[in-house]
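Contents: one structure, followed by commentary.
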Amino acid sequence: MLKRMGVDSSKHYLHVHGVDAHERVVLVKTLRREEFLVWAANVPKCVIGFEACSSSHYWARELSKLGHEVKVMAAEYVLPYRKSRKGKNDANDAEAICEAAGRPNMRFVTVKCEEQQSLLALHRLRSGLVDDRTALIGQIRGLLAEFGIWIGQTPDKLENWFSKQAEELAQLPLLARTGIELARTHWKTLDQRIEELDKQIKQVAKKNEATERLQKIVGVGMITASAITATIIDGRQFKNGREFAASIGLVPSQHSTGGKVKLGRITKRGDSYLRYLLVQGARSAFIAARRRKPEKLTRLERWMLALNARVGYYKTLVAIANKHARIIWAVLAKGEAFDPEYGESQPA
């Protein structure tokens with residue numbers, strides 16, 4: 001009887017590899033995408049493994065409705081179970097997924113609901129538009145430099161130049177001026193689209209109590225809090241704050257042996273979008289701490305300034321982002337509000 005299946009999904013086909021209770025191969029099959037759910041509805045209820053990809057959460061939700069137990073894993077965890085690293089094909093991948101799904105110590109991805117994925121879709125679109133805007137601003141600055149006009153790197157400096165240096169712009173050749181004005185119009189269109197997405201994200205964030213609690217942390221704004229609550233279903237899916245920070249890639253890599261612990265740089269594995277937001281939030285929190293009067297500094301802000309004196313600015317930003325990740329985990333997992341003075345009255 002079928003016990004477990006591994007499914008390797010692609011654009012048009014899904015390759016299935018199934019084993020029975022004795023781990024013997026009983027099913028090897030390739031199905032078209034539109035045929036898969038109909039076929040799965042007639043298969044005995046079993047464990048189905050998937051690699052985490054763009055469609056894995058959809059398949060997990062639909063198969064769960066049919067009574068199957070779906071387990072989604074990161075691709076890097078499946079790779080060691082492929083028999084041949086060089087012989088990659090759909091059949092080998094499906095077999096590796098099936099094998100990995102049966103490991104008792106495997107780490108699985110929590111399946112996201114449609115509401116979470118809808119909110120994450122807004123975040124992904126916003127992130128793409130911000131990248132496009134940054135690239136466009138750099139392109140405009142580069143085009144102006146071709147005519148001997150150098151503008152500072154910030155968008156505000158470029159906007160000030162457009163508003164105050166109309167005569168200098170008018171002196172450019174007609175073709176160049178037309179192109180630059182079109183680029184500026186596109187820039188403003190991108191700004192409008194980003195503002196529209198910010199409004200939609202803010203409306204959803206206001207309805208989420210956990211998002212409101214996260215925004216009490218200095219350096220965690222509406223965008224960051226919304227992205228975190230949309231990405232992780234429940235903080236308790238991680239054992240502790242370090243596991244959550246590791247899932248974002250904010251912990252140092254290790255190369256330890258013989259009882260000697262050797263730590264390297266941060267791994268940069270996991271969710272790069274959350275890592276970017278937390279590092280930017282750390283920069284904001286650190287700047288706020290430096291501007292605050294010494295007598296008004298919180299315990300956390302005093303730690304930031306002392307750390308900066310020891311290890312320098314950039315390492316401090318990563319450490320603050322790591323600290324914020326652990327605080328976020330505690331707020332979500334324990335359902336508590338953030339207290340910047342926690343531990344102040346406790347003995348060292």
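Yes or no, residue by residue, for (1) at pLDDT below 90; (2) surrounded by fewer than 20 Cβ atoms within 10 Å (Cβ to Cβ):
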| position | (1), (2) |
| --- | --- |
| 227 | no, no |
| 239 | yes, yes |
| 298 | yes, yes |
| 303 | no, yes |
| 312 | no, yes |
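Quick grid of which residues meet (1) more than 14 Å from the chain's Cα centre (by Cα); (2) under 28 Å from residue 201 (Cβ atoms); (3) among the hydrophobic types (A, V, I, L, M, F, W, C); (4) surrounded by fewer than 16 Cβ atoms within 10 Å (Cβ to Cβ):
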| site | (1), (2), (3), (4) |
| --- | --- |
| 91 | yes, no, yes, yes |
| 101 | yes, no, yes, no |
| 104 | yes, no, no, yes |
| 111 | yes, yes, yes, no |
| 119 | no, yes, yes, no |
| 126 | no, yes, no, no |
| 129 | yes, yes, yes, no |
### Query
Only one of these conditions is not met by residue 220: (1) in contact with a helix residue (DSSP H, G or I) (Cβ under 9 Å, 6 or more places away or on another chain); (2) surrounded by fewer than 20 Cβ atoms within 10 Å (Cβ to Cβ); (3) of a type in the set (A, V, I, L, M). Which number is it?
(2)
### Query
Restricting attention to the stretch 188-200, does a residue exist that is modelled with pLDDT of 90 or more, out of contact with any Gly (no Cβ under 6 Å at 6 or more places or on another chain) and part of a loop (DSSP other than H, G, I, E, B)?
no
### Message
Name the residue that is least open to solvent (accessible area, probe 1.4 Å), counting only residues in the stretch 241-268 that are among the hydrophobic types (A, V, I, L, M, F, W, C) and part of a strand (DSSP E or B).
### Response
266
### Task
Can you work out which of the residues in the stretch 3-40 that are at negative phi and among the acidic types (Asp, Glu) is farthest from the chain's Cα centre (by Cα)?
20
### Summary
Going through (1) part of a helix (DSSP H, G or I); (2) under 30 Å from residue 163 (Cβ atoms) one by one, residue 147 fails only at (1)
#### Entry: Which numbered condition residue 29 fails, given (1) at pLDDT 95 or above; (2) over 29 Å from residue 118 (Cβ atoms)
(1)
### Message
If I ask for residues that are in contact (Cβ under 8 Å) with a residue 60 or more places away in the chain, small (Gly, Ala, Ser) and surrounded by 14 or more Cβ atoms within 10 Å (Cβ to Cβ), which ones from the stretch 314-343 would you list?
### Response
321, 325, 330, 333
### Top-ranked residue in the stretch 1-58 [being open to solvent by 30 Å² or more (accessible area, probe 1.4 Å) and part of a helix (DSSP H, G or I); ranked as nearest to residue 104 (Cα to Cα)]
58
### Among the residues listed as 332, 307, the single one being under 21 Å from the mean Cα position of the chain (by Cα), part of a helix (DSSP H, G or I) and modelled with pLDDT of 90 or more
332
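The values are calculated or read from the model by the stated rules, or taken from the named source; none is laboratory data. Everything numeric here is computed off the predicted structure, so don't read it as measured data. FYI the Cβ positions are ideal-geometry reconstructions off the backbone, even for glycines, and counts take in every protein chain you see. With ligands, DNA and RNA removed, areas are computed over all heavy atoms of the protein, side chains included. Shrake-Rupley method; radii C 1.70, N 1.55, O 1.52, S 1.80 Å.
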